[in-house]
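Enquirer: Have a look at the structure that comes next, please.
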Amino acid sequence: MEMAVSRRTFLGTTAAAGFGGLVRLESQPIPQARSVFRHGVASGDPLADAVILWTRVTAPANATPEVTWEVASDATFKNPVLRGRTVTGALRDFTIKIDASGLRPATTYYYRFEALGERSPVGRTKTLPVGGAERVRLAVASCSNFPYGYFNAYARIAARADLDAVLHLGDYIYEYENGRYGDGKPYGRVSDPDREIIALSDYRTRHAQYKSDPDLQEAHRQHPWIVVWDDHEVANDTWRDGAENHQPDRGDGGWAARRDAAVQAYFEWMPIREDRATRQPRIYRTFNFGGLADLIMLDTRVIDRDQQPLRRADASVLDDERRSPLGSTQEQWLFRELAESKRAGARWQLLGQQIMFAPLSLPGAASESADTWEAYRPSRQRVMNAISTLRLPNVVVLTGDVHSSWGYDIAADPWNAYDPGTGRGSLAIEIVTPAITSPTGFGTPTETATRVEKHKKERPHLRYIDGVHRGYVVLDVTPERVQADWYYVPTVSEKTTAEQFGKGLISVAGRPHLVETNKPA
Ligand code: FE
Ligand code: CA
């Protein structure tokens, strides 16, 4: 134990250095498989004065280990800020979640835990600014399927010194047995447990497997995360009362029990602030980045989504006013948050959500997707109406879920009332981040090229598309403009530190219109 501690020395400091004023923590040995802290440390849901600190203690099943936690303004803990003590146990799967409060805004902090005579790795985190913020930079990620290969993109996110936070838009885990969607055998990444997860113990084991990944651990250790679930944190194509991948009559049991198990394990294992008062699976919430941007996080899946329509559903379903991916309570909340953001004078409104928003189906054609906003047209229209009624010219929709990269101008009618040259008719923009590992599903290189060309030709509002790569997006926000930079990794089949800048898109404040750039922000 002593040796493990003395090996861990750090160069990290809070001194401003380079872009964003952040210095990465020096790399350190990943905790051994027998370490008390083998699932790493994490932080999340930063506010101006508080942040969630997370870890998990591996201990005997009947133990109730005492855990101390510390926050300091330096990586060597010479300047302690907070210190506390708590107890964990089997009831919450030996996870620890601390809401460390009383912190200063826009400040980098370091944290660590101690339990059972061992000290955890040191994590780094950062609080949100309160006012006058000139720049916010986020990494945006989604769809990290463990058996599909290595989390090279997470390693690149971990290595960046320029991020304020990591935004994960869901499919953080996948629920399948090995081989159903990705075969981990060639990589030693066979799904654990090797069956479709249904019970609470299954979801806990699956989360533990993902958190055993060294690249994911490092990305958590270096940056605070802001997360929402998509469908696979529960089951494929989740909606309020079920999922495509949930058959009650074929051994999956009741939906509510499965959903509750998935939600409980998620709250235990993810560095997200919980509403303990209601115990509701409510994760829609807003983060204020010091007047520069409000990040409004949505749940289009679990809390109140109406069921996806059947394939080739007719207009009576697709245009049913009552259907929504958010449910009416969350929709009304969203409109209030947008109005409040306008009143408070925030420059940008970022919607952190899961499913593709921009109109996809060609006029008069059958709906292209039953699982995106496309299948809930009146609800999507209400969101667009709110944006235009409130005269919010700087709304950015952030999307995951589809394992490919897209940049859209969001126009109410892109085929008849939109000018791709100037962006006239565009209400907002949409940035779709690719998967960390999940496949794009675009097919062979030839098929991919054909499909990409067809999409571009048919959709004037489609400003960028890539159907080949895995990676992530860096969203760089200033008062003058927002820039989305796509970074791609060459492979997930072997470990690599290589990445390439794929494309940047800029939208100038006041004019929601994406324009390509070949220079990263
Ligand atoms: Fe996915
Ligand atoms: Ca998904």
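The values are calculated or read from the model by the stated rules, or taken from the named source; none is laboratory data. What you are looking at is a predicted structure, and each value in this text was computed from that prediction instead of being measured. Cβ atoms come from the backbone with ideal geometry, glycine included; neighbour counts cover every protein chain shown. Side chains included, ligands, DNA and RNA excluded: accessible areas come from the protein's heavy atoms. Shrake-Rupley method; radii C 1.70, N 1.55, O 1.52, S 1.80 Å.
Enquirer: When the residues of segment 79-101 are filtered to those that are open to solvent by less than 70 Å² (accessible area, probe 1.4 Å) and part of a loop (DSSP other than H, G, I, E, B), which remaining residue is nearest to Thr55 (Cα to Cα)?
Expert: Top of the filtered list is Phe94.
Enquirer: Report, ordered by the first and then the second residue, all pairs with beta carbons closer than 9 Å, sequence separation of six or more or different chains, a first member in segment 69-90 that is more than 17 Å from Thr108 (Cβ to Cβ), and a second member that is part of a loop (DSSP other than H, G, I, E, B) and among the aromatic types (Phe, Trp, Tyr).
Expert: Listed pairs, sorted by first residue: Thr88/Phe94.
Enquirer: I've got another one for you. Considering only segment 35-63, state which residues are hydroxyl-bearing (Ser, Thr, Tyr) and in contact with a Phe, Trp or Tyr (Cβ under 9 Å, 6 or more places away or on another chain).
Expert: Residues satisfying the conditions are Ser43, Thr55, Thr58.
Enquirer: Counting just the residues of segment 135-148 that are within 14 Å of ligand 1 (Cβ to nearest atom) and part of a loop (DSSP other than H, G, I, E, B), which one comes out nearest to Ile226 (Cα to Cα)?
Expert: Ranking the qualifying residues of segment 135-148, first place goes to Ser142.
Enquirer: Of the residues Lys456, Lys519, Lys503, only one is among the basic types (Lys, Arg) and surrounded by 14 or more Cβ atoms within 10 Å (Cβ to Cβ); which?
Expert: Lys503
Enquirer: Run down Ser388, Ser361, Ser405, Ser379 and say which single residue is within 16 Å of ligand 1 (Cβ to nearest atom) and polar (S, T, N, Q).
Expert: Ser405
Enquirer: For segment 308-337, give me the residue count where each residue is among the hydrophobic types (A, V, I, L, M, F, W, C), part of a helix (DSSP H, G or I) and farther than 13 Å from Tyr284 by Cα.
Expert: 3
Enquirer: I'd like the full set of residues that are surrounded by fewer than 17 Cβ atoms within 10 Å (Cβ to Cβ) and within 16 Å of ligand 2 (Cβ to nearest atom), limited to segment 174-190.
Expert: Result: Arg180, single match.
Enquirer: I'd like the residue in segment 351-390 that is without any contact (Cβ under 8 Å) to a residue 12 or more places away in the chain and more than 14 Å from Leu318 (Cα to Cα) and, out of all such residues, is nearest to ligand 2 (Cβ to nearest atom).
Expert: Among those that are without any contact (Cβ under 8 Å) to a residue 12 or more places away in the chain and more than 14 Å from Leu318 (Cα to Cα), it is Asn385.
Enquirer: What are the residue pairs meeting all of these: first residue in segment 115-143, first residue of a type in the set (S, T, N, Q), second residue open to solvent by less than 20 Å² (accessible area, probe 1.4 Å) and within 16 Å of ligand 2 (Cβ to nearest atom), Cβ atoms under 6 Å, and 6 or more apart or on different chains?
Expert: Once the first residue is of a type in the set (S, T, N, Q) and sits in segment 115-143, its partners that are open to solvent by less than 20 Å² (accessible area, probe 1.4 Å) and within 16 Å of ligand 2 (Cβ to nearest atom) give Ser142/Leu169; Ser142/Gly170; Ser142/Asp171; Ser142/Gly400; Ser142/Thr433.
Enquirer: Still on this structure, please answer the following. Test Arg160 against the stated conditions and say whether it is touching an Asp or Glu at 6+ places or on another chain (Cβ under 7 Å) and more than 16 Å from ligand 2 (Cβ to nearest atom).
Expert: No, not satisfied.
Enquirer: Further question on the same structure: Using the structure shown, decide if Ser438 is open to solvent by less than 50 Å² (accessible area, probe 1.4 Å), in contact with a Pro (Cβ under 7 Å, 6 or more places away or on another chain) and in contact (Cβ under 8 Å) with a residue 24 or more places away in the chain.
Expert: In short, no.
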